[in-house]
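The values are calculated or read from the model by the stated rules, or taken from the named source; none is laboratory data. Nothing here was measured: the structure is a model prediction, and the numbers come from that model. For neighbour counting, all protein chains shown are included, and Cβ atoms are generated from backbone atoms with ideal geometry for every residue, glycine included. With ligands, DNA and RNA removed, areas are computed over all heavy atoms of the protein, side chains included. Shrake-Rupley method; radii C 1.70, N 1.55, O 1.52, S 1.80 Å.
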Amino acid sequence: MRIIKAKDYDDLSRKAANIISAQVLLKPDCVLGLATGSTPIGTYKQLIEWYNKGDLDFSETRSVNLDEYRGLTRDNDQSYYYFMYNNLFKHININMENTNVPDGTEPDSDKECSRYEKVIEAYGGVDLQLLGLGHNGHIGFNEPDKDFAQTTHCVDLTQSTIEANKRFFASIDDVPKQAYTMGIGTIMKARKILLVVSGADKAQILHDVLCGPVTPEVPASILQLHSDVIVVADEAAMAKL
Ligand code: F6R
């Protein structure tokens, strides 16, 4: 595992974008595993800036996102598809046919989850998987549990997640109760993993992930067992290491 210390969020974003850029330059048709959330936004902005300067070409790049809310359509501004389109895809020359986000509108979860696994398999696997880190150690929507979930699956959102999300919706009834997410096994199959972590509020969990026992109670702790992980974290997030 390689741990790269960034001064602050902007520095973290540049460093993470540099690693993704290197991947795209070295293998233009690479498969990028992508994440939503607040942490990667600066990384995506940096990639867009370099694309606009003519330094990057995504025309052959393929992407698979980690997760999506079950029941939300692509044009719902809370869907992860909407997030990816607006924070990255529409600003670069990626072919939208080569971008993949689990289909939240597919009601048959087994069908959608096995379709998604097949997409990743048909691509030959993920070259570089970008991950953010949840305060409880979650990656994707893999929450603390008794076991590590293997493949893409449907998860029930915890009541606290539903409560936390309700501010984004007209009423609590509109908040999705489930999500589709890559499993820990799917994530661990990526050839390279880039974990980005920012802020003092992530310092304790980053310590537990990197220095604590490998346990499904801290899902990201499994990354200790992956052979090619890069962690880019800012000083605040690294305060307890
Ligand atoms: C996003 C995702 C989540 C986030 C995590 C951290 O697709 O799967 O696991 O990466 O919740 O989110 P932020 O970056 O907002 O702290």
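Some observations on this one:
- Efficiency of FRET between residue 224 and residue 151 - r from beta-carbon atoms, R0 25 angstrom, step 0.05: 0.75
- Legend: P(r) of the range 1-123 from all alpha carbon pair distances, 5 Å bins from 0, whole percents, reading 2, 11, 19, 23, 19, 14, 8, 4, 1.
- Relative contact order of the range 167-241, defined on C-alpha pairs under 8 angstrom at six or more residues apart (%): 38
- Kirkwood estimate for the range 96-206, i.e. one over the average of 1/r between Cα atoms, Å: 15.5
- Counting heavy atoms of the protein chains alone, residue 91 has an accessible area of about 70 Å² for a 1.4 Å probe.
- Normalised by the number of residues in the range 107-176, the average gap of Cα pairs under 8 Å and 6 or more apart makes the relative contact order 26 percent.
- The range 221-232 - phi-based ³J(HN,Hα) in whole Hz, Karplus 6.51/-1.76/1.60, Gly and Pro as x: 4, 4, 4, 4, 9, 8, 7, 9, 10, 10, 9, 10
- Taking all Cα pairs closer than 8 Å and separated by 6 or more residues, the relative contact order of the chain comes to 26 percent.
- The range 161-217: Cα Rg divided by the 2.2 N^0.38 Å rule of thumb: 1.53
- For residue 161, solvent-accessible area (1.4 Å; no DNA, RNA or ligand), Å²: 30
- The mean of 1/r over all distinct Cα pairs in the chain, once inverted, gives the Kirkwood hydrodynamic radius of 18.0 Å.
- Euclidean distance between Cα centres, the range 186-238 to the range 79-101, Å: 25
- Of the residues 157, 195, 133, the one that moves most in a GNM of the chain with alpha-carbon contacts below 10 Å is 157.
- Rounded to the nearest 20, the size of the Cβ-charge dipole of the chain about its Cα centre is 620 debye, with Lys and Arg at +1 and Asp and Glu at -1.
- Unit charges on C-beta of K, R, D, E only; dipole of the range 67-134, Debye: 180
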